Amino acid sequence: MKKIASFTVNHLKLLPGLYLSRKDSSNGCTVSTFDLRMTAPNREPVIDMPALHTIEHLGATYLRNSARKDDVVYFGPMGCRTGCYLVMFGDLESEDVYTLVTDMCRFIVGFEGDIPGAKPEECGNYSEQNLNMAKFYIGRYLEELTSAKRFVYPE
């Protein structure tokens, strides 16, 4: 079988950033998948599940209520727990979603109150949440995004 594109990225050189992972088109519709890499793979601890779950809930809530809500297809965690994927309608580049992603991060860092969708009738694992750790990871990621704009995968 052919190796999928994400497995061809050198994860030993990958640093936190906002990368265009792939573009897919069908019947005149293009979707762009972004790799929101929040930790350095294989060199930093992965994001713990309760924090990642909270990032998913808050990030999805923000994105689906943003001015670009109609362009959002999906936001959710990577299986390796080093970040999240953002899938958007359109032939886009990282620069096109940079402000949306940094605004999402600011929303998460500043969030107070009950986590949206964290009730038993709303989520299959509602009790596994950690707002403080979500803020920690997203705060670090926001610092990386604003200090070193990494948009291109390393060779």
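Here are the numbers for the structure shown:
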{"quantity": "Lone unmet requirement of (1) under 17 Å from the mean Cα position of the chain (by Cα); (2) within 21 Å of ARG81 (Cα to Cα) for GLY117", "calculated": "(1)"}
{"quantity": "Yes/no for ASP96 being in a strand (DSSP E or B) and not β-branched (Val, Ile, Thr)", "calculated": "no"}
{"quantity": "Criterion: closer than 15 Å to THR102 by Cα and either within 15 Å of the chain's Cα centre (by Cα) or hydrophobic (A, V, I, L, M, F, W, C) (or both) - qualifying residue of LEU52, LEU58", "calculated": "LEU58"}
{"quantity": "Enumerated strands (runs of 3 or more DSSP E) restricted to region 1-79, each holding at least 1 residues that are touching a Gly at 6+ places or on another chain (Cβ under 7 Å), surrounded by 21 or more Cβ atoms within 10 Å (Cβ to Cβ) and hydroxyl-bearing (Ser, Thr, Tyr)", "calculated": "29-37"}
{"quantity": "Search result, residues across region 80-90 that are out of contact with any Lys or Arg (no Cβ under 8 Å at 6 or more places or on another chain) and either surrounded by 19 or more Cβ atoms within 10 Å (Cβ to Cβ) or not β-branched (Val, Ile, Thr) (or both)", "calculated": "CYS80, ARG81, CYS84, TYR85, LEU86, PHE89, GLY90"}
{"quantity": "Test result for MET88, out of contact with any strand residue (DSSP E or B) (no Cβ under 8 Å at 6 or more places or on another chain) and either in a strand (DSSP E or B) or among the aliphatic types (A, V, I, L, M) (or both)", "calculated": "no"}
{"quantity": "Checklist (1) in contact with a Phe, Trp or Tyr (Cβ under 9 Å, 6 or more places away or on another chain); (2) more than 29 Å from GLY117 (Cα to Cα); (3) at pLDDT 95 or above applied to VAL9, failing item", "calculated": "(3)"}
{"quantity": "Some residue of region 113-122 being under 14 Å from LEU36 (Cβ atoms) and of a type in the set (Val, Ile, Thr)", "calculated": "no"}
{"quantity": "Residue that is closer than 16 Å to GLY139 by Cα and under 12 Å from the mean Cα position of the chain (by Cα), where the choices are LEU100, LEU86", "calculated": "LEU100"}
{"quantity": "For ASN125: the one exception among (1) surrounded by fewer than 16 Cβ atoms within 10 Å (Cβ to Cβ); (2) more than 23 Å from PHE34 (Cβ to Cβ); (3) in contact (Cβ under 8 Å) with a residue 12 or more places away in the chain; (4) touching a Phe, Trp or Tyr at 6+ places or on another chain (Cβ under 7 Å)", "calculated": "(4)"}
{"quantity": "Yes/no for CYS84 being modelled with pLDDT of 95 or more, within 29 Å of LEU12 (Cβ to Cβ) and in contact with a Leu (Cβ under 7 Å, 6 or more places away or on another chain)", "calculated": "yes"}
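The values are calculated or read from the model by the stated rules, or taken from the named source; none is laboratory data. It should be emphasised that the depicted structure is a prediction, and the values quoted were computed from it without experimental measurement. Every residue, glycine as well, gets a Cβ built from its backbone with ideal geometry; the counts of neighbours run over all protein chains shown.
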